[in-house]
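**Q** Please see the structure below; I have some questions.
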Amino acid sequence: MAAGGPRAPDAPAPLYALTGVTKTFYKKRRTIYALRDLNLVIRAGDWLAVQGRTGQGKTTLLQILGGLDRPDSGAVIFGGEDIAQMREVHLTRMRAESVGFIFQTFNLVGTLSAADNVEAALIPLGIRAAERRRRVSAALENVGLADRARHLPSELSGGQQQRVAIARALVKEPRVVLADEPTGNLDEYTRDEMVALLEKLWRTLNLTLVIVTHDTRVARHARRIGTMTKGRLTINTVNEHR
Amino acid sequence: MFFFSYLLRELRSRKRQAIVMATGLALAIGLVITVSALSSGVRSAQGKILSSLYGVGTDISVTTPYTQSGFKQITPGQQGQRIDSLTDTALGTLKASSVRTISGLQHVAAAAGALILTEIKATIPAANAAPPTSFQPPVQISVVGVDIRQLGLGPLAAAKVIAGRTFAPAQTNARVTVVDLAYASSHHFKVGATVNIAGQPFTVIGLVRQAQASNPPDLYIPLARAQALSNLTGKVDTVFVRAASSAAVDTVTGEISRRLRSATVSNSASLAQGVTGSLKTTAELASRLGTWLAVLVLLMAFGVASLLTLAAVARRGREFGTLKALGWRSRRISAQLVGESIVTGIVGAAAGIALGMAGAYLVASSAPSLSAIVDTGNNSGKGGFGGTLGANGGFFRATLGGGPVQTVTNPTASHTVHLPFTAPVSVGAIVLAVVLAVAGALIAGSVGGWQIGRLRPAVALASAE
């Protein structure tokens, strides 16, 4: 049975439906099973937190969900299309239009200002410059960094950099946000601030959010919490009230 | 605009790499420009030498080897003798009808005959006279008879009229002369003056200057008059030929050789063979070593630029991986990289042009003047281009004290022409420099772009910054 569980009559349609997804890496004659026959359903508006020790396949799952990598076998249906079989050009388009990424190390371009980093997410969409500027301002406003728009990443704290990364992920109004250890490089206080921000945005923007994290205090904010063990995902907790 | 803003910020932040790449390209471009200027200077010098020997507009010259002994025995008599004769001392003669024959050949645009003569003025003492207290060397003056109907071809074609005028169509047999400026200056001749040639008075109607590299004759007179004075009526010793097109030169050369079997037919290719000296050495240096060196350095610069770009792609792996995650197409990322390379290339081109101009200036100012040893002999068999303007290679030797006096023609004479070395930087060379720099940048950028295309986003994101 898919890790998404049975669908309630009024539940939203699945955004993702993964069936029999397998991904294997070969390292020094060793075979590493990052994902083994993984089945998962993620509905629109869901918040899934994936926990697990290092090397259990969490990041691989996120990369396959985001179209950054392809499974060896299985289907990854996203919005009705199997992205595992999609041509590279369509996959790139899918990432540009529908997926927002948040990385543990923020991955901001060091030479670009906060505003330019956020704007970079709109470049592939062919949006006019004036509209881009408007949306960038709104996104930075949303994360409380309107006054730091011209600052370079090196002039911002870790928390502020992650806010810029969140603004960059959200500025394109994606269908899903995929966050890989988004609080991994932050102190506790900033981590809590960041989680509070993500939760606020999730609620107000009706986001679909998938977070990979070690941190239980981050994971417990999610609607569903799963654990990855040796490439298999088990959903342990479902917070129906969230 | 996002593209330029990103591009300039990246270049600013990676100044060192950009400077190394631009410097490499600048050195290569500078060398290309210097070598090109050097070649251009050498080509220009060669052109001056060849055109002075050959005449502007001449594609082929036809001469015949000197068949006489080269010695004209003069026996001193009881009385002293004054000799003033106009003779053909360097070349054999051709019938004037050869000019018509050549004119009628296919692919021949024009042909003009000329007589290249030497006037020798000497005083021969009586056989029994006491040896003079001082040696009076004989005087020799080079005189060329020119075809007045074809002044655009032949000895006067390249001459610049400094004073007076050149021959009029009606002066085919007139006693008028055009004088070389240097000769006129040294003998204080002006337009309107009278010059005696072989005992006959000629009026100076013009002063002309030939190209710097030439060894010009002293006097020009109408061909018919030259033929009469030298007892060579109906003869010429050189035929200047202009082919209908440059492509036809070899064909016409072959056809004339076939028709006039005893004649020596030369074109610019064979003419250049006879030019030796530092000009030839420099030309060879510029064309061989210089060109290969420039190509080698250029390839190295392109290689270094490409390697630096590849290294940059590897170093910026996470950045490019992030852009791919954001939905940037590989082509768009490559364009960004190529843009950075092109800006670096343009900076390199600008610096390279400055370096090249400085290099060309240094070479031109520090290099000694070029010398070309021009073989003017017509009997050597292989060269055969002599006898045009440099025909006065013969010399006169007099033995005093009652012995025989000999007029000797040196059949393998040569003369050395000195030319200041120039290394002009042409607009073409600058355009070539910019094109090469941009091409180098494009190659480097494309190599980087190819690497970006192969970059898998998941792998790139995992790479260290």
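Laboratory data are not the source of any read-out in this text; all were calculated from the coordinates shown. Computed from a prediction, not measured in an experiment: that's the story for all the values here. Glycine gets a Cβ as well: all are built from the backbone with ideal geometry, and neighbour counts include every protein chain shown.
**Q** Identify which of A:GLY226, A:GLY55, A:GLY45 has the largest mean-square fluctuation in a Gaussian network model of chain A, with springs joining Cα atoms closer than 10 Å.
**A** Highest fluctuation of the listed residues: A:GLY55.
**Q** Note down the net charge around A:LEU122, summing +1 for each Lys or Arg and -1 for each Asp or Glu among other residues with Cβ under 12 Å from its Cβ.
**A** +2
**Q** Which length gain, in nm to one decimal place, applies between A:LYS27 and A:ARG150 when the Cα-Cα distance is subtracted from 0.36 nm times their residue separation?
**A** Numbers: separation 123, 0.36 × 123 = 44.28 nm, distance 4.31 nm.
Here the segment from A:LYS27 to A:ARG150 would lengthen by 40.0 nm.
**Q** Let me ask something additional. Which FRET efficiency value, to the nearest 0.05, do you get for A:SER157 and B:THR291 by plugging their Cβ-Cβ distance into 1/(1 + (r/R0)^6) with R0 = 60 Å?
**A** Details: r = 59 Å, r/R0 = 0.98.
Computed FRET efficiency for A:SER157 and B:THR291: 0.55.
**Q** Other chains near A:86-97: what is the mean number of their Cβ atoms within 10 Å of each residue's Cβ?
**A** 3
**Q** Quick check on the exposure proxy: order A:GLU188, B:GLU10 from fewest to most C-beta atoms within 10 angstrom.
**A** Exposure proxy ranking, most exposed first: A:GLU188, B:GLU10.
**Q** Given R₀ = 30 Å, what would the calculated FRET efficiency be for A:ASP82 paired with A:THR204, taking r from the Cβ atoms and rounding to 0.05?
**A** About 0.45, to the nearest 0.05.
**Q** At 222 nm, what helix-only mean residue ellipticity would chain A give, in deg cm²/dmol to the nearest 500, using -39500 (n - 2.57) for each DSSP H run of four or more?
**A** -9500 deg cm²/dmol
**Q** Now, a different point. Quick one: length gained pulling B:SER446 to B:ALA129 fully straight, 0.36 nm per residue minus the C-alpha distance?
**A** 105.0 nm
**Q** When you count, for each residue, the other Cβ atoms within 10 Å and take the mean per peptide, how do A:68-77, B:436-445 rank with the highest first?
**A** B:436-445, A:68-77
**Q** By count of other Cβ within 10 Å, fewest leading, how are B:LYS324, A:LYS230, A:LYS27 ordered?
**A** So the residues, fewest neighbours to most, are A:LYS27, A:LYS230, B:LYS324.
**Q** Provide the FRET efficiency to the nearest 0.05 for the A:ASP37-B:ARG331 pair, computing r from the beta carbons and using R0 = 25 Å.
**A** Calculated value: 0.10.
**Q** List, in the order given, every pair from A:LYS58/A:LYS230; A:LYS23/A:LYS230; A:LYS200/B:LYS324; B:LYS160/B:LYS190; A:LYS27/A:LYS230; A:LYS230/B:LYS324 whose Cα-Cα distance in the structure shown is over 19 Å.
**A** Violating the 19 Å limit, Cα to Cα: A:LYS200/B:LYS324; A:LYS230/B:LYS324.
**Q** Now a separate question. Could you check the simple spin-label distance between A:ASP72 and A:THR229, using points 7 Å along Cα→Cβ, in nm with one decimal?
**A** Each label point lies 7 Å from its Cα, and together they span 2.2 nm.
**Q** Further, regarding this structure: List the residues whose amide H sits under 5 Å from the amide H of B:ALA110, counting only those 5 or more places along or on another chain, with H placed 1.01 Å from N in the peptide plane.
**A** For B:ALA110, the qualifying residues are B:ARG242.
**Q** With a cut-off of 8 Å between alpha carbons and a minimum separation of six or more residues, what is the relative contact order of chain A in percent? If you can, show how the numbers build up before the last one.
**A** Details: 473 pairs, mean separation 66.2, N = 242.
Result for chain A is 27 percent.
**Q** Indicate the gyration tensor shape class of the range A:105-215 (rounded, prolate or oblate), computed on the Cα atoms with a ≥ b ≥ c the square roots of the eigenvalues: a/c under 1.5 is rounded; otherwise a/b larger than b/c is prolate and the rest oblate.
**A** In terms of gyration-tensor shape, oblate.
**Q** Separate question: Select from A:THR24, A:THR204, A:THR105 the residue whose mean-square fluctuation is largest in a Gaussian network model of chain A (Cα-Cα springs shorter than 10 Å).
**A** Largest GNM mean-square fluctuation: A:THR204.
**Q** Among the trypsin sites (Lys or Arg not before Pro) within the range A:129-221, which fall in a DSSP loop and have no more than 10 other Cβ atoms within 10 Å of their own Cβ?
**A** A:ARG150
**Q** A follow-up question, please. Taking each residue of B:323-336 in turn, how many C-beta atoms of other protein chains fall within 10 Å of its C-beta, and what is the average?
**A** Rounded to a whole number, the mean comes out at 6.
**Q** Can you put B:THR87, A:THR22 in order of Cβ neighbours within 10 angstrom, beginning with the fewest?
**A** Exposure proxy ranking, most exposed first: A:THR22, B:THR87.
**Q** Please give the average number of partner chain Cβ atoms lying within 10 Å of the Cβ of each residue in A:109-116, rounded to a whole number. Don't jump to the answer; show the numbers that get you there.
**A** Working: counts 11, 6, 11, 7, 2, 0, 0, 4.
If you average over the peptide's residues, the count of other-chain Cβ atoms is 5.
**Q** Report, in debye and to the nearest 20, how large the dipole of the range A:196-242 comes out about its Cα centre when Lys and Arg carry +1 and Asp and Glu carry -1 on their Cβ.
**A** Details: 9 positive and 3 negative charges, 14 e Å.
So the dipole magnitude of the range A:196-242 works out to roughly 60 debye.
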